[in-house]
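These notes concern the structure reproduced below.
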Amino acid sequence: MKPILPALISRILIGLFFFACCSPGKLFAQASENTINLKLSGLKPISKIDERFQSFNVEMVEVVGGNFWIPYDKIDTTQKPGDNNVVMGQTKSLYRAIPPINLYEKRLTMLAAALGPTYIRVSGSWANSTYFQNNDKTKMTTAPPGFKNVLSRKEWKGVVDFSKAVNAKLVNSFAISDGVRDKDGIWTPDQAKALVNYTKLMGGSLAAAELFNEPTFAGYGGAPKGYNAATFAKDIAVFKTFVKSSLPKMIVLGPGSVGEGGMLGSGNMAMLKTDDLLSADPRPTFDVFSYHFYGGVSKRCAGEGPGSMSPKDALSPAWLNKTLAGYNYYKGMRDKYLSGKPIWLTETADAACGGNPWAATFLDCFRYVEQLGKLAKEGVQVVMHNTLSASEYGLIDQDSHQPRPNYWTALLWSRFMGTDVYDAGSSTPGVDIFVHSLKKRSGGMTLLIVNTLSTTAAVTIPSNAEQYSLTADELQTKKIQLNGEDLSLTANDELPVIKGKPIKAGVIQMAPHSITFLTFASIKK
């Protein structure tokens, strides 16, 4: 999510609530009081997701360099979270200057490629006011009037080359600040056209785009003073005309809203409502309904105030089901204004403002897979994690480019979870089961069993399988194990061989606080 006033973030998340999702489940029957007996034959798919369902964001500020969320161990503790004297990206207590990311770095490229195929979304608040310098001269040190940041050709070529190297399709947004507007204050496509043409020149393409990042917070994201729903509607009309002539095959995403779905605090008049954005004239329409979701505000910005959370709650049903609250709100908006259109979640992580300290630990892996599993069941086509490698919520450490626990979880999802999704549930509170087709294996199935309990869960499986179980010695650790063996890069800086553990049909034990993928080569239909 864009870095906006922390005090504002605290206010808008006062109303956080959860939607407790509990279906009877057609996947299993209870073998005994403490054993789940799985029945896999005869299941019919309930949804089908995009092959690039699990995707990620690279923030525009990473590409161009600038101020981004400072690591917790470098925060100036004399400054209190939520101070009102905050200017976006400039408060020393919350941000640090980062150089442009090297998207040609071998380890980063190798790790990202292993998650493919994916979408890479390059956006964020900085994109809203970034000037594309469409020449090969030395990068400007100061942005032109109406812009705040500068994107060079060299930096954008790095993005295009990276997308090719890691089997990713590009998704982006465009500048919408004062610098791209005509005398009447309406968006003009000149900057967007320059970026599109250069992308084509580099042999790249844009698969999808939102006009800009998070219009519900337009005023805090670089939009002109007084920006409203009427202006948004006019901008979208111009944008769609531009897309039709210059990018007829590109998917138009929108609106890209955030902050609603149970997170909208009272008295926040600065926030635009999706209802108003989509009902303005001319009525905005999109190929895909997109939204963003964060379940809370990180400790960096909220401290112990409204919108904050504690690690002791990170495995609670209330926390793990919040993703469905956001989904249900925006699904309602989709049904009301864009009925039948697919839904993409184009930006998400554990918490706004760079993530909580434990976002970089095993503890957040449970939220990560629960979110993917729950939204796949609902038919959400794409989920883009924020970020690949920036701040605590990055899958990869920003400075060392070492994989974090969520990366290993994402890697297993990428290896085994296919696009067909089946009905699943859990007869034991705290044990959730998600079922997909086995990736790249016709007739196979993958079960994802998430045991959030501090006790063992017993499961009966109907046939032999391969087990891939993620555990850790403690929850808030960056070191995790696969089937009891430490996961780390090899001495040659490569991914280790991911080996499953053969298990026979019958009762198996799911370790306390474990995430287990079971792959079945063949299941009788």
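The values are calculated or read from the model by the stated rules, or taken from the named source; none is laboratory data. What you are looking at is a predicted structure, and each value in this text was computed from that prediction instead of being measured. Note that each Cβ is placed from the backbone with ideal geometry, even for glycine, and that neighbours are counted across all protein chains shown. What goes into the accessible areas is simple: the full protein's heavy atoms, side chains included, and nothing from ligands, DNA or RNA. Shrake-Rupley method; radii C 1.70, N 1.55, O 1.52, S 1.80 Å.
How much net charge surrounds Val58 when only the other residues with a Cβ under 12 Å from the Cβ of Val58 are counted, with Lys and Arg +1 and Asp and Glu -1? Combined, the nearby Lys, Arg, Asp and Glu give -3. Of all lysines in the structure, the ones whose alpha carbon falls short of 27 Å from that of Lys157, not counting any fewer than 8 places away in one chain, are Lys2, Lys106, Lys137, Lys139, Lys148, Lys169, Lys193, Lys200, Lys240, Lys244, Lys249. Subtracting the Cα-Cα distance of Arg283 and Lys44 from 0.36 nm times their residue separation leaves 82.3 nm of extension gain. Length gained on full extension, Asp275 to Asp182, computed as 0.36 nm times the residue gap minus the Cα-Cα distance: 30.8 nm. A dipole drawn for the chain from +1 and -1 charges on Cβ atoms has a positive end, and of Asn356, Ser522, Val171 the residue lying farthest that way is Ser522. Mind sorting out which of (i) 71, 50, 47; (ii) 96, 72, 56; (iii) 91, 54, 39 is the real Cα extents along the principal axes in Å computed from the coordinates? The listed entry that was calculated here is (i).
With 23 Å as the limit, the listed pairs Lys312/Lys499; Lys341/Lys374; Lys225/Lys331 have Lys312/Lys499; Lys225/Lys331 beyond it between alpha carbons.
Sorted on the mean count of surrounding Cβ atoms within 10 Å across their residues, most packed first, peptides 397-409, 64-76 read 397-409, 64-76. Computed across the range 436-525, the Kirkwood radius stands at 14.2 Å (inverse of mean 1/r, all Cα pairs).
Summarising the label geometry, the points placed 7 Å from Cα in the beta-carbon direction at Arg96 and Arg441 lie 4.2 nm from one another. Less than 5 angstrom separates the built amide H of Ile98 from those of Gly66, Asn67, Phe68, all sequence-distant by 5 or more or on a different chain. Accessible surface of the chain, 1.4 Å probe: 51 percent of it comes from carbon and sulfur atoms. Restricting the range 457-493 to GluC sites (Glu not before Pro) that sit in a DSSP loop and have at most 12 other Cβ atoms within 10 Å of their own Cβ leaves Glu474. Computed over protein heavy atoms with a 1.4 Å probe, the accessible surface of the chain works out to 39 Å² per residue.
Here the calculated FRET efficiency for Asp313 and Asp493, from their Cβ-Cβ distance with R0 = 60 Å, stands at 0.95, rounded to the nearest 0.05. Each other residue within a Cβ distance under 15 Å of Asp493 adds +1 if Lys or Arg and -1 if Asp or Glu, for a net charge of -1. Excluding same-chain neighbours fewer than eight residues apart, the aspartates and glutamates reachable from Lys439 by a Cα-Cα span under 13 Å are Asp50, Glu51, Asp420.
For Ser437, the shell of other residues with beta-carbons less than 11 Å away shows a net charge of +3, using +1 for Lys and Arg and -1 for Asp and Glu. Note on the range 89-159: Rg/Rh from Cα positions, Kirkwood definition for Rh, rounded to two decimals, is 1.01.
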